[in-house]
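**Q** My questions all concern the structure below.
Values in this text are rule-based calculations from the coordinates and carry no lab data. Every value quoted in this text rests on a predicted model; they were computed, and no experiment measured them. Positions of Cβ are backbone-derived with ideal geometry, glycine not excepted, and every protein chain shown enters the neighbour counts.
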Amino acid sequence: MLEAAALGAQLAARLAGRPGIRVVCDLAGVRVATLATLQALALVALATRRHDGTLRLQNLSPQVRDALGLAGLWDELRLDILPPNDGAESCER
């Protein structure tokens, strides 16, 4: 698993020259949000927003959703939630 800063940098490199892209993160394997989880999601959201893209989360557990809300990140990150398994391509976690 990549550390949060490396994940954000890797995603920024992949997004270069692709404005308006939709990034989908499948969080099916994430049941509990640690500080590292929240940091990684924040950095991915920031990198996506800097490239005029949209970050969408798929298979979000209630615990992760609650942690994002408690940390004040839910509204700040302007996250979209997808229903489970909509067929979109996922990014690595």
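**Q** Does Arg31 meet the test of being among the charged types (D, E, K, R) and farther than 17 Å from Ala67 by Cβ?
**A** Criteria not met by Arg31.
**Q** Can I ask one more? Report the residue count in region 8-28 for those that are in contact (Cβ under 8 Å) with a residue 40 or more places away in the chain and outside any loop (DSSP other than H, G, I, E, B).
**A** The number of residues fulfilling the criteria is 6.
**Q** Can I ask one more? Being surrounded by 13 or more Cβ atoms within 10 Å (Cβ to Cβ), touching a residue at least 40 places away in the same chain (Cβ under 8 Å) and part of a loop (DSSP other than H, G, I, E, B) is the filter here, so list the residues in region 29-70 that pass it.
**A** Val30
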